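One structure is given here, and the rest of the page talks about it.
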Amino acid sequence: MFLVKDFKGFTTYEKAMFGLFLLVQIGIFIYFWLQEGDADWLNIIAGISGVLCVIMSAKGRLSTFFYGLIQVVSYGWISYEHKYYGEVGLQVVFGIFQFVGLYFWLKNMHSDQLTDDPNVQEVESRGLDTRGWLLTAGITAMIYGAIVYILTTKTDAKQPWIDGVATSLSLVGQTLMTLRYKEQWFFWIVINIVSIFLWARGMFLNGGIDAAGISMVTMWVAFLINSVYGYYYWKKLQDVQAADKY
């Protein structure tokens with residue numbers, strides 16, 4: 001089953017980095033559990049599933065969509081509780097994207113050369129040209145304007161301008177991921193920085209540190225580190241695939 005096979009072919013560095021991400025999430029959960037005497041399982045589910053989702057995405061593995069589906073449901077509910085409505089709407093769209101992305105990726109997979117098991121598959125990466133970049137930038141600007149307008153006029157969102165940045169860039173980044181473009185990672189890097197600020201500022205405005213806020217900030221920091229590595233790995237995938245054609 002690919003959910004098990006997808007954990008094969010990791011380098012020692014990848015195992016250490018990804019293992020640390022998971023341990024930190026679990027550590028935060030345990031700390032607040034001991035401090036507050038109550039366990040918010042939704043935070044740990046969102047954190048761990050989110051980390052597994054981005055890890056598998058960076059490696060180009062199909063199981064990213066399985067973990068992604070769990071993450072969008074749990075994180076979407078947490079965002080709703082904190083009135084980050086742009087994030088909530090985004091998770092609904094992301095839920096749909098999990099199935100669309102799975103469809104597109106299934107048709108463009110190849111065997112991972114780092115394992116001896118031909119059943120371990122990773123996606124074929126590609127890159128944007130100049131025309132693609134211009135089109136992507138234009139679409140991003142239009143989506144951002146529409147989302148900010150909706151958030152400021154139709155909801156009581158606490159941080160509509162920041163929320164709008166994260167939401168619009170996420171929609172474009174997810175689309176690029178679905179279509180297998182390595183440039184998606186540039187968008188995820190910005191998204192992760194904005195999301196860290198969003199949740200940190202939210203705790204400041206609420207006047208205190210809480211388990212959900214700390215867990216989400218930590219999750220987005222892990223996502224940021226993973227995004228940098230994700231671009232490096234997808235660039236390597238594209239170079240290997242290009243070499244294999246000659």
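Give me the dipole magnitude in Debye, nearest 20, for the chain about the Cα centre, with unit charges on the beta carbon: positive for Lys and Arg, negative for Asp and Glu.
560 debye
Report the full-extension gain for the segment Val4 to Lys236: residue separation times 0.36 nm, less the Cα-Cα distance, to one decimal in nm.
81.1 nm
Pairs Lys8/Lys235; Lys5/Lys236; Lys15/Lys83: which exceed 24 Å Cα-Cα?
Pairs exceeding 24 Å: Lys15/Lys83.
Rolling a 1.4 angstrom probe over the protein heavy atoms, how many square angstrom per residue are accessible across the range 1-136? Intermediate results must be reported in sequence, preceding the final value.
Numbers: 7080 Å² over 136 residues.
For the range 1-136, the per-residue accessible area is 52 Å².
When the convex hull of the C-alpha atoms of the range 95-205 is computed, what volume per residue in Å³ does it have?
It comes to 133 Å³ per residue, whole-number rounded.
Can you give me the % of accessible surface on the chain that is carbon or sulfur? Probe 1.4 Å, all protein chains present, nothing else counted.
Numbers: 8370 of 12050 Å².
Whole-percent figure for carbon plus sulfur exposure: 69.
Mind checking the dipole of the range 82-178: about its Cα centre, +1 per Lys or Arg Cβ, -1 per Asp or Glu Cβ, Debye to the nearest 20?
560 debye
With an 8 Å Cα cut-off and a minimum separation of 6 or more residues, compute the relative contact order for the range 103-246 in percent.
After rounding, I find 23 percent.
From the phi angles alone, apply the Karplus equation (6.51, -1.76, 1.60; θ = phi - 60°) to the range 47-63 and give each ³J(HN,Hα) in whole Hz, x where the residue is Gly or Pro.
For the range 47-63, the Karplus curve yields x, 5, 5, x, 5, 4, 4, 6, 4, 5, 5, 4, 8, x, 9, 5, 5 Hz.
Where does the chain land at 222 nm, in deg cm²/dmol rounded to the nearest 500, when only DSSP H runs of n ≥ 4 count, each adding -39500 (n - 2.57), divided by all residues?
Result for the chain: -26500 deg cm²/dmol, rounded to the nearest 500.
Once you order the gyration tensor axes a ≥ b ≥ c over the Cα atoms, which shape class does the chain get: rounded for a/c under 1.5, otherwise prolate or oblate by comparing a/b with b/c?
The shape class here is oblate.
The values are calculated or read from the model by the stated rules, or taken from the named source; none is laboratory data. Since this is a predicted model, take the numbers as computed values, not measurements. Methodologically, a virtual Cβ is constructed for each residue, glycine included, from the backbone with ideal geometry; neighbour enumeration extends over all protein chains shown. Just so you know, the surface numbers come from the protein's heavy atoms only, side chains and all, with ligands and any DNA or RNA stripped out. Shrake-Rupley method; radii C 1.70, N 1.55, O 1.52, S 1.80 Å.
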